[in-house]
Amino acid sequence: MFYAMIRNVPNARARMEDIHGYTCLHENLFHYLCEENGGAVTLPAARGDDAWKVYFNEIPEEIVDEFAMRYGIEAIYQAMTHFHCLSTKYLCAGVPAVMSTLLANINAYYAHTTASSAVSASDRFAASNFGKEKFVKLLDQLHNSLRIDLSMYRNNFPASSAEKLMDLKSTVDLLTSITFFRMKVQELSSPPRASTVVKDCVKACLRSTYQFLFENCYELYNREFQFLYRKSIRMTLRSDFKVDPSEAKRDPSDHGPQLDSVDFWHKLIALIVSVIEEDRNSYAPVLNQFPQELNIGQLSAATMWSLFAMDMKYALEEHEQHRLCKSSAYMNLHFKVKWLHTNYVKDVPPYCGAVPEYPAWFEPFVMQWLNENDDVSLEYLNGAFNRDKRDGFQKSSEHALFSNSVVDVFTQLTQCFGVVSKLECPDPEIWKRYMKRFAKTIVKVLVAYADIVKKEFPEHLKEERVACILMNNIQQLRVQLEKMFEAMGGTKLERDAADILHDLQQSLNSTLDELASILETRITASVKELGELLQKVGGGGAAGQPQAPAHHEADEVLRPLMDILDGSLTMYAESCEKTVLKRLLKELWKIVMKILEKTVVLPPMTDKTMMLKNLTNNAKNLAANAKIEDMTQLFKSTVGKQDHLSAEKSLTPKQCAVLDAALDTIKLYFHAGGNGLKKTFLEKSPELQSLRYALSLYTQTTDTLIRTFVTSQQNQDAAVAEEGSVGEVSLQVDLFTHPGTGEHKITVKVVAANDLKWVIASGMFRPFIEVNLIGPHLADKKRKFATKSKSNNWSPKFNETFHFMVSATEQLELFELHVCVRDYCFAREDRLVGVAVMRLADIAEQRRYTTVFQHAKKETRTPCLLKIKT
C-alpha cells in the first residue's frame with residue numbers, strides 16, 4: 001500500500017510541486033494511520049535529542065524521510081507539517097506534549113540565529129516554505145481552541161485520569177510555546193502572557209463550575225457523597241437517629257435555596273469544598289508552571305468564595321425579612337461559613353489580611369439568638385434556684401461556701417459565651433456589639449438572681465446558715481463575673497460593655513449591703529433596749545470623774561446589743577466568705593452607729609418644712625440660755641411639738657461618758673483582734689464621726705451651737721425653688737457700726753408684702769411681718785419685732801422700722817434675719833404663712849464692696865426683696 005502511494009506521487013519538476021507533494025504524502029499518511037488506529041494518534045517511541053524529528057513508526061517514518069531526502073525537503077518544514085497534522089488531533093492522549101516539543105524546537109530553529117548569519121528571526125520565518133500566514137493562522141486557531149478547552153478543564157481533563165492531567169500540563173506548556181513564538185519569532189511587542197491566559201481560563205471554568213453546583217446542588221451532593229448519604233439513610237431506620245426535616249419535606253423538583261430552610265447552603269458549601277480540594281490536590285501540582293503568578297488552589301478558593309459570598313449575602317438579607325428558620329439554624333450555618341472562610345479563604349489573596357464580610361451577614365441572626373438566650377437563661381436560672389431551695393441550699397462542694405444555683409447559672413452563661421466565642425468574629429466592631437449585647441444578658445440574669453435572693457432572704461434570717469450561703473452566692477456572682485469579664489477581654493473589652501459589667505459589679509456590691517441592712521430591724525430593737533438601760537444610768541458625772549465605773553456600766557448597757565452581735569457574728573465568721581464577712585461587718589458597723597445616733601443620742605426629727613417653721617417660732621429660745629444643760633430644750637425649740645416621751649429624751653454628762661466607753665468596747669468587738677475591721681476604718685468612718693459630733697453637742701454652749709448653726713446654713717434659698725414661693729416681702733436693711741465703741745446697729749425697715757398666696761376658708765386674713773435676729777450672745781438683747789396687722793390685704797404696706805443691737809465683740813457674719821409672714825388670730829396661735837432667711841454675711845459682703853467708693857461712710861443701706869416660702 002505504501003509503495004503504491006509513492007508511485008502515485010507525481011514526478012514533479014518544480015520545487016513547489018515537490019513541497020506540495022511531500023505535504024500531501026505526510027498529511028495523508030498521518031490521517032490514514034489515525035483511521036487505522038481508531039481515530040487515535042499513534043505516537044512513536046523515539047528517544048534522544050532528535051526524537052522530535054521522528055513523526056511515525058518505523059516504516060511510515062522511512063517513507064517520509066526517503067521522500068524528503070529525494071526531493072530536498074527541509075527538516076523544519078517536516079516539523080511544521082507534522083505540527084499542522086497534530087493540531088487536528090490535539091485532544092488525543094499524549095498529543096499536547098508532542099506538539100509542545102515540536103513548537104519548542106521550531107521556536108529554537110527560528111529564534112536562535114547563527115554567528116555567520118545576521119538575519120532576524122521574523123525574516124527567517126517569513127522565508128519559510130510552509131508559509132508565514134498559514135502557520136500564524138494555525139497558531140491563532142490553536143490558541144483559541146486551547147483557551148476554550150482550558151475554560152472547561154474540569155470536563156476535558158478530569159482529575160480522575162492521570163493521563164489527562166499530564167495532557168493538561170502539556171497543554172499549558174503548548175500555550176507557553178505559542179506565546180514564546182509570538183514574542184521571539186513574530187517579534188510581537190506584547191503578546192498575551194501564558195500565565196494570564198491560563199488564569200482567565202481557570203476563572204471561567206470555576207465560574208461555570210459554581211453555577212453548575214448551585215443549579216444542581218441536591219443532586220450533586222447526593223451523588224458526590226453517595227456513600228455518606230446511603231449510610232445516613234440506613235441510620236434513619238434506627239430509633240436513635242432523626243431524619244433531617246428539611247430533607248424530608250423538600251420538593252424533589254426544587255433544586256435551589258429555600259426561605260424555610262438553610263440546608264441548601266450546607267450542601268453547597270460541601271460541594272464547594274470538594275472542588276477546592278480537587279484543585280488543591282489534583283490540579284495545582286500539575287499546573288505549576290507559573291509559581292509566582294498562578295496558584296490554582298488559591299485561585300479556586302478565592303473565586304468560589306467571591307461567587308458564594310454574593311449569593312449568601314443576598315439570601316441572608318431575604319431571610320432577615322422573613323425569619324422562617326430557627327436562630328440555631330442560622331448559627332449552625334454561621335459556623336459552617338466561618339469554617340469555610342478560615343480553612344480555605346482566610347490566607348488567600350485578595351482576602352489575606354482583610355476583615356471578612358460574612359460576620360455582618362449573620363449579625364442580625366446572632367443578635368436574635370442572644371435575645372432568645374435571655375429567656376432561656378432566665379428560665380434556667382429560676383429552675384436552678386428552685387432546685388437549690390428544695391435541697392436546702394446545700395454547699396456545692398466540701399470546701400465551697402456557696403450553693404449549686406450559682407454554679408448552674410454561670411454554667412449556662414459560660415456555654416452561651418462559648419458559642420459566641422467560637423464564632424471567632426474577625427470584625428472588631430461587630431465583636432464589640434456582640435460583647436455589649438452579651439453583657440446585657442449577664443446583667444439581666446445576675447440582677448434577676450440578686451432580686452430573687454433579696455426577696456427570699458428575709459424568710460431565711462432565722463436560719464443564719466442559709467442566710468450566709470445566700471450572701472456567699474451573691475459574692476460568688478461577683479467572683480464569677482470578674483472571671484467572665486477577663487474571658488471577654490478584660491481591659492481590652494469595648495468601653496460600653498466594660499461599663500455595663502462594672503455597673504453590674506457595683507450593683508452586686510449594693511445587693512450585699514442591702515442584704516446586710518435587712519438585719520437593721522433586729523439591731524434597732526436591741527439598740528432601743530440599750531437606750532432604755534442608758535437612761536437608767538444616774539449621776540451628773542463631773543468631767544474629771546474616774547472612768548472605771550463608766551466602763552462597768554457600759555458593759556451592762558451594751559448587753560442587749562452584744563447578745564445579738566455575739567451570736568450572729570460568730571455564725572457569720574464561720575459560714576461567710578472572707579470578703580462577704582468584711583462587707584457584712586462594715587455594714588453592721590454603719591447600722592449600729594447610725595441607730596445609736598438616731599435612737600439614743602438624737603431625738604426624732606420631723607420633716608424639714610415643719611422644722612423650719614418651728615425653728616422660726618422658737619428662735620428666741622435658742623439663745624435664751626448661756627449654758628446648755630438639757631438638750632431637750634434645744635431640740636424642742638428647733639423641731640416644735642414632738643411625742644412627749646421622745647421629746648423628753650436627753651443625756652447627762654455621765655450618760656455621755658458611759659456611751660463613749662461603750663463605743664470603745666464596740667470598736668474592739670468589730671476589730672476582733674485583727675480578724676475583723678481595721679482600726680483605721682473604724683476611727684475614720686463617717687458614721688462614728690457623726691455620732692461623736694452629736695455627743696459633743698451635749699457639752700457645747702448654746703452660743704457655740706447657734707454660731708455653728710448660722711455659719712453652716714449655705715443653701716437655704718434652695719427650698720424656695722423646690723417648694724415654690726408664697727409671696728414677696730420688701731425690706732430695707734441698714735448696717736451701722738459706731739466709730740467709737742464698735743457696736744453694731746441693724747436697722748430693718750419693713751416696706752410691704754406683695755402677692756401673698758394664702759387661702760382662708762372663713763373669717764378674716766390679717767397678715768403681719770415678724771422679724772427675728774438669730775445669733776450668739778443675744779440673751780440680754782431684743783431679738784424679735786413685729787409689725788401691725790393689716791386686715792384682708794394680700795399686698796399690705798407697712799413702712800415700719802426696727803432696730804437690733806449687736807455687741808462690738810461679735811461679727812455680723814454670725815447673724816441672720818428670719819422674716820416671717822403670719823396671719824393674726826385672736827385667742828389662739830397665729831398661723832404661719834411663710835418664712836424667708838437673710839444672712840447678714842451676704843449684706844456685709846455688699847458693704848465691703850460699697851465702702852470702696854464711700855470711704856468715710858460707715859453705714860450701708862441695702863434694699864431687699866425676699867421671696868418667702870411655706
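Since every read-out is calculated from the coordinates, none of them should be taken as a lab result. Computed from a prediction, not measured in an experiment: that's the story for all the values here. Positions of Cβ are generated from backbone atoms using ideal geometry, with glycine treated the same way; all protein chains shown enter the neighbour counts.
Beta carbons within 10 angstrom, averaged per residue: use that to sort the peptides 416-427, 460-471, highest first.
Working: 416-427: 16.6, 460-471: 18.8.
Descending packing order for the listed peptides: 460-471, 416-427.
Rounded to the nearest 20 debye, what is the charge dipole size of the stretch 297-455 about its Cα centre when +1 sits on each Lys and Arg Cβ and -1 on each Asp and Glu Cβ?
Numbers: 19 positive and 19 negative charges, 95 e Å.
Once rounded to the nearest 20, the dipole reads 460 debye.
What order, most packed first, do the peptides 149-162, 344-357 have when packing is the mean number of other Cβ atoms within 10 Å of each residue?
Values: 149-162: 16.5, 344-357: 14.7.
Ranked from most to least packed, the peptides come out as 149-162, 344-357.
Lysine pairs in the stretch 105-229 with alpha-carbon atoms under 20 Å apart, 8 or more places apart or on different chains: how many are there? Provide the component values of the computation, followed by the final result.
Details: Lys132/Lys184; Lys134/Lys184; Lys137/Lys184; Lys164/Lys199; Lys164/Lys203; Lys169/Lys199; Lys169/Lys203.
Close lysine pairs under the 20 Å cut-off: 7.
Taking only the alpha carbons of the stretch 243-354, what extent do you get along each of the three principal axes, in Å, biggest first?
Here the spans come out as 48, 31, 19 Å, largest first.
Over the stretch 361-518, what portion of Cα pair distances is larger than 18 Å, expressed as a whole percent? If you can, show how the numbers build up before the last one.
Working: 7218 of 12403 pairs.
Summing the P(r) of the stretch 361-518 above 18 Å gives 58 percent of all pairs.
Among all the aspartates and glutamates, which ones have a C-alpha under 15 Å from Lys422's C-alpha, if same-chain residues fewer than 8 places away are not counted?
Within reach: Glu363.
Please name which of Val729, Val771, Tyr693 has its Cα lying farthest along the dipole of the stretch 667-819 towards the positive end, using unit charges on Cβ (Lys, Arg +1; Asp, Glu -1) and the Cα centre as origin.
Tyr693
Lysine pairs, Cα distance under 23 Å, 8 or more residues apart or cross-chain: how many in the stretch 243-354?
Final tally of qualifying lysine pairs is 16.
Which order do peptides 658-667, 767-776 fall in by mean Cβ count within 10 Å, highest first? Spell out each step's value before the answer.
Numbers: 658-667: 19.9, 767-776: 23.8.
Packing proxy ranking, top to bottom: 767-776, 658-667.
Mind scanning Lys440/Lys679; Lys444/Lys586; Lys454/Lys528 and naming the pairs with a C-alpha gap bigger than 30 Å?
Details: Lys440/Lys679 40 Å; Lys444/Lys586 28 Å; Lys454/Lys528 26 Å.
The answer is Lys440/Lys679.
Please state, as a whole number in µm²/s, the translational diffusion coefficient that the Stokes-Einstein equation yields for the stretch 61-196 at 20 °C and 1.002 mPa s, with Rh defined as the Kirkwood radius across alpha carbon pairs. Let's see the in-between values first.
Values: Rh = 15.9 Å.
Taking Rh from Cα pairs, D becomes 134 µm²/s.
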